[in-house]
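Q: Take a look at the following structure, please.
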Amino acid sequence: MIELQHISKVYEGANRVEALKDINLTVKEGEIFGIIGQSGAGKSTLIRCINMLEAPTSGSVIVNGTDLTNLGKSDLRKARKQIGMIFQHFNLLSSRTVYDNVAFPLELQGMNKSEIKERIMPILDIVGLTERMNNYPSQLSGGQKQRVGIARALASNPKVLLCDEATSALDPQTTDSILKLLKNINEKMGLTIVLITHEMHVIREICDRVAVIEGGVILEEGSTIEVFTHPRENTTKDFISSVVSDNLPPEALAHLELHDQWIGGTAPLVRLKFTGQATDEPVVAGLVRRFDLDVSILFGGIDYIQDTSVGRLIVILNGDPERAQEGLEYIRTLPIESEVIGYVRASH
Ligand SMILES: Nc1ncnc2c1ncn2[C@@H]1O[C@H](COP(=O)(O)OP(=O)(O)OP(=O)(O)O)[C@@H](O)[C@H]1O
C-alpha cells in the first residue's frame, strides 16, 4: 500500500540537517504500522513525506501504486484525498462547529450540502460525536477534539490514515479510548494506518508492525510481538523497558550476591520468558514436583501485546545442585525462553 524507497531529506540552511537517510519501508494494506523514536529522530519528517507535506530530497513515495514524488500539483491534490491525517494538537478551526470542521474538506472539494450531510452523519456516529456536532472545539475535551480530527480525516474516504503523535497531548485513559477507536476504524473500514509516536505503549496497544527510527535511520523493524520479545538494538530495549520490566533492581541483585560461576552454596538465578500459549505451562510446579526444587520467585508478570500474552519470571532454583542442573535441562526442553542470569546464595 505504501512504499518508501531510499527516502532522504536534508533541511538546508544555516544548520544543514540530514533528517532522513536512505529510508526504505513497506506498509501493507490494512495494517497498523507504528514508527517510534525519540524527539528529533525524524518521525515527523518521515510521516509528512508520506503525503508530501514535506517533499523528500531524494527517493520515491509510492502510495497505492502511484509515485507521489512524480506528480504535478493538481494530481498530487487528487492523490492526497486517499491519505487522511490527524495531528497531536488536533488543528481544528475554532470558529466552526464540530459538524462544520468535519464538513470543511468536503466543502473545499465542492460537494453539495446534502451530499456532505449524507457522508458525515455516519462518520460522526462512528467517532461517537453525533450529540456534540453543534458544539465548538472550545467546548470539547482533548479526546473529543481528536475524535473530530479523526472524523475530518475520514470524511474524504481515505485509504490511509497518518497519525502524527495523535495521542501525545491526551491523558492515559483518553489515549486508550482513541487507540481503541483507531483499531476499530482499521478493522471495520479496512483503513491502513501509519502512526508516529515516542510511546511504546501506543505501539503495544494497536500496531501490527513497528519500525524504530533514530538519527534519521531505521534501526530495526518487525512485527510488534517479535520486536517486543526479541529486540536487537539498545534503543529498542530502552523503549520496551518503559512499558515492560523484567530486570531486577541493582539493589536486589547486590543483596543476592550474584556470581558468574556455580560455586558451592549458590543456586541458579534464571530468567524465563513465555509467549502466547506457553504462558499456560506449569513450569514452576514442574520444577518443584519433578526435581524437588525449592523455587523462589523474585519477579513475575504477564503483559499483553494486543491479544498475545508475554509472561516473564525470574526464579532461583534452590535445592540439590544436581537436581537443579536437571531442572535447567528440563526448562530447555519447554517451548519457552530461558537465561541463567548468574548464581546467587542458595536459601538452603
Ligand atoms: N523545517 C525544518 N528545518 C530545519 N530542520 C528541521 C525542520 N524540521 C525538522 N528539522 C530537523 O530535522 C530533525 C528531525 O526532526 P523531526 O521533527 O522529523 O523529528 P521528530 O522525531 O518528529 O521529533 P519530535 O518528536 O521532537 O517532533 C531534527 O534535527 C530537526 O531539528
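The values are calculated or read from the model by the stated rules, or taken from the named source; none is laboratory data. Given the structure is predicted, the values throughout are model-derived calculations rather than measurements. Glycine also receives a Cβ, built like all others from the backbone with ideal geometry; neighbour counts cover every protein chain displayed. For accessibility, only protein heavy atoms count, side chains too; no ligands or nucleic acids. Shrake-Rupley method; radii C 1.70, N 1.55, O 1.52, S 1.80 Å.
Q: Just the residues that are assigned to a helix (DSSP H, G or I) and among the hydroxyl-bearing types (Ser, Thr, Tyr), please, taken from the range 58-113.
A: Correct list: THR69, SER74, TYR99.
Q: Take the residues of the range 168-194 that are within 15 Å of the ligand (Cβ to nearest atom) and out of contact with any Asp or Glu (no Cβ under 8 Å at 6 or more places or on another chain): which is least open to solvent (accessible area, probe 1.4 Å)? Explain how you work it out, then say what you get.
A: Residues of the range 168-194 within 15 Å of the ligand (Cβ to nearest atom): 168-169, 194.
Going one step further and asking which of them are out of contact with any Asp or Glu (no Cβ under 8 Å at 6 or more places or on another chain), we end up with 169, 194.
Numbers: ALA169: 53, VAL194: 0 Å².
Here the residue is VAL194.
Q: Another one. Collect the residues in the range 158-179 that are closer than 18 Å to THR192 by Cβ and touching a helix residue (DSSP H, G or I) at 6+ places or on another chain (Cβ under 8 Å), keeping them in residue-number order. Break it down stepwise before answering.
A: In the first step, residues of the range 158-179 are kept if they are closer than 18 Å to THR192 by Cβ; the result is 158-164, 166, 178-179.
Hits for the range 158-179 are VAL160, LEU161, LEU162, CYS163, ASP164, ALA166, ILE178, LEU179.
Q: Related question: For residues that are in a loop (DSSP other than H, G, I, E, B) and open to solvent by less than 50 Å² (accessible area, probe 1.4 Å), scanning just the range 39-51, find the one that is farthest from the ligand (Cβ to nearest atom). So that I can check it myself, show each step before the final result.
A: First pass over the range 39-51, keeping only residues in a loop (DSSP other than H, G, I, E, B): 39-42, 51.
From what is left, the residues that are open to solvent by less than 50 Å² (accessible area, probe 1.4 Å) are 41-42, 51.
Details: ALA41: 4, GLY42: 4, ASN51: 14 Å.
So, considering only residues that are in a loop (DSSP other than H, G, I, E, B) and open to solvent by less than 50 Å² (accessible area, probe 1.4 Å), the one farthest from the ligand (Cβ to nearest atom) is ASN51.
Q: Let me ask you something else. Test of understanding: among GLU54, GLU3, GLU31, GLU18, which residue is open to solvent by 30 Å² or more (accessible area, probe 1.4 Å), more than 12 Å from the ligand (Cβ to nearest atom), under 27 Å from THR236 (Cβ atoms) and of a type in the set (D, E, K, R)? If you could, list the steps in order and put the result at the bottom.
A: Numbers: GLU54 fails: more than 12 Å from the ligand (Cβ to nearest atom); GLU31 fails: open to solvent by 30 Å² or more (accessible area, probe 1.4 Å); GLU18 fails: more than 12 Å from the ligand (Cβ to nearest atom).
Checking each option against the conditions leaves just GLU3.
Q: Could you identify the single residue in GLU12, GLU29 that is over 16 Å from the mean Cα position of the chain (by Cα) and farther than 27 Å from ASN64 by Cβ?
A: On the way: GLU29 fails: farther than 27 Å from ASN64 by Cβ.
One residue alone meets the criteria, GLU12.
This table checks each residue for (1) farther than 25 Å from ARG77 by Cβ; (2) of a type outside the set (D, E, K, R); (3) touching a helix residue (DSSP H, G or I) at 6+ places or on another chain (Cβ under 8 Å).
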{"site": "GLN5", "(1), (2), (3)": "no, yes, no"}
{"site": "VAL10", "(1), (2), (3)": "yes, yes, no"}
{"site": "ALA14", "(1), (2), (3)": "yes, yes, no"}
{"site": "CYS49", "(1), (2), (3)": "no, yes, no"}
{"site": "SER60", "(1), (2), (3)": "no, yes, yes"}
{"site": "THR66", "(1), (2), (3)": "no, yes, yes"}
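Here is a yes/no grid of residues against (1) more than 30 Å from GLY34 (Cα to Cα); (2) surrounded by 18 or more Cβ atoms within 10 Å (Cβ to Cβ):
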{"position": "ALA252", "(1), (2)": "yes, no"}
{"position": "GLU257", "(1), (2)": "yes, no"}
{"position": "ARG271", "(1), (2)": "no, yes"}
{"position": "ASP307", "(1), (2)": "no, no"}
{"position": "TYR330", "(1), (2)": "yes, no"}
{"position": "THR333", "(1), (2)": "yes, no"}
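Q: How about the range 85-114: which of its residues are open to solvent by less than 40 Å² (accessible area, probe 1.4 Å) and either within 19 Å of GLU3 (Cβ to Cβ) or touching an Asp or Glu at 6+ places or on another chain (Cβ under 9 Å) (or both)?
A: MET85, ILE86, LEU106, listed by residue number.
Q: Continuing with this model, one more query. If the Cβ limit is 6 Å and pairs must be 6+ apart or interchain, which residue in the range 299-311 that is in the same structural domain as PHE274 (by the TED database) and more than 15 Å from VAL283 (Cβ to Cβ) pairs with which residue that is open to solvent by less than 50 Å² (accessible area, probe 1.4 Å) and assigned to a strand (DSSP E or B)?
A: Close Cβ pairs (under 6 Å, with a partner that is open to solvent by less than 50 Å² (accessible area, probe 1.4 Å) and assigned to a strand (DSSP E or B)) amount to ASP303/VAL310.
Q: Is it true that some residue in the range 241-253 is under 36 Å from the mean Cα position of the chain (by Cα) and of a type in the set (Val, Ile, Thr)? It would help to see each step written out before you state the result.
A: Going residue by residue through the range 241-253, those that are under 36 Å from the mean Cα position of the chain (by Cα) are 241-253.
Now drop any that are not of a type in the set (Val, Ile, Thr), which leaves 243-244.
Scanning the range 241-253, I find at least one residue that is under 36 Å from the mean Cα position of the chain (by Cα) and of a type in the set (Val, Ile, Thr), so the answer is yes.
Q: Given the conditions (1) more than 16 Å from the ligand (Cβ to nearest atom); (2) in contact with a Ser or Thr (Cβ under 6 Å, 6 or more places away or on another chain), and given that VAL210 satisfies all but one, which numbered condition is not satisfied?
A: (1) is the only condition that VAL210 fails.
Q: Answer yes or no: is there a residue in the range 135-145 that is open to solvent by less than 30 Å² (accessible area, probe 1.4 Å) and in contact with a strand residue (DSSP E or B) (Cβ under 7 Å, 6 or more places away or on another chain).
A: Start the filter on the range 135-145 by keeping residues that are open to solvent by less than 30 Å² (accessible area, probe 1.4 Å), which leaves 137, 140, 142-143.
From what is left, the residues that are in contact with a strand residue (DSSP E or B) (Cβ under 7 Å, 6 or more places away or on another chain) are none.
Within the range 135-145, none of the residues are open to solvent by less than 30 Å² (accessible area, probe 1.4 Å) and in contact with a strand residue (DSSP E or B) (Cβ under 7 Å, 6 or more places away or on another chain).
Q: GLY276 - would you say it is at pLDDT below 85 and at positive phi? Steps first, answer last, please.
A: Details: at pLDDT below 85: yes; at positive phi: yes.
Yes; evaluated as a whole, the condition is true for this residue.
Q: Test each condition in (1) closer than 26 Å to ILE196 by Cα; (2) touching a Lys or Arg at 6+ places or on another chain (Cβ under 9 Å) for GLY65 and report the one that comes out false.
A: Every condition holds for GLY65 apart from (2).
Q: Could you list all residues from the range 198-234 that are without any contact (Cβ under 8 Å) to a residue 60 or more places away in the chain, surrounded by fewer than 23 Cβ atoms within 10 Å (Cβ to Cβ) and over 15 Å from GLY42 (Cα atoms)? First the steps, then the outcome.
A: Within the range 198-234, the first condition is being without any contact (Cβ under 8 Å) to a residue 60 or more places away in the chain, and the residues that meet it are 201, 219-220, 222-223, 226-227, 230-234.
From what's left, surrounded by fewer than 23 Cβ atoms within 10 Å (Cβ to Cβ): 201, 219-220, 222-223, 226, 230-234.
Answer for the range 198-234, where residues must be without any contact (Cβ under 8 Å) to a residue 60 or more places away in the chain, surrounded by fewer than 23 Cβ atoms within 10 Å (Cβ to Cβ) and over 15 Å from GLY42 (Cα atoms): HIS201, GLY222, SER223, GLU226, HIS230, PRO231, ARG232, GLU233, ASN234.
Q: Right, here's the next one. Which of the residues spanning the range 316-330 are touching a Pro at 6+ places or on another chain (Cβ under 9 Å) and free of Cβ contacts under 8 Å to residues at least 12 places away in the same chain?
A: Of everything in the range 316-330, just one residue is touching a Pro at 6+ places or on another chain (Cβ under 9 Å) and free of Cβ contacts under 8 Å to residues at least 12 places away in the same chain, namely GLN325.
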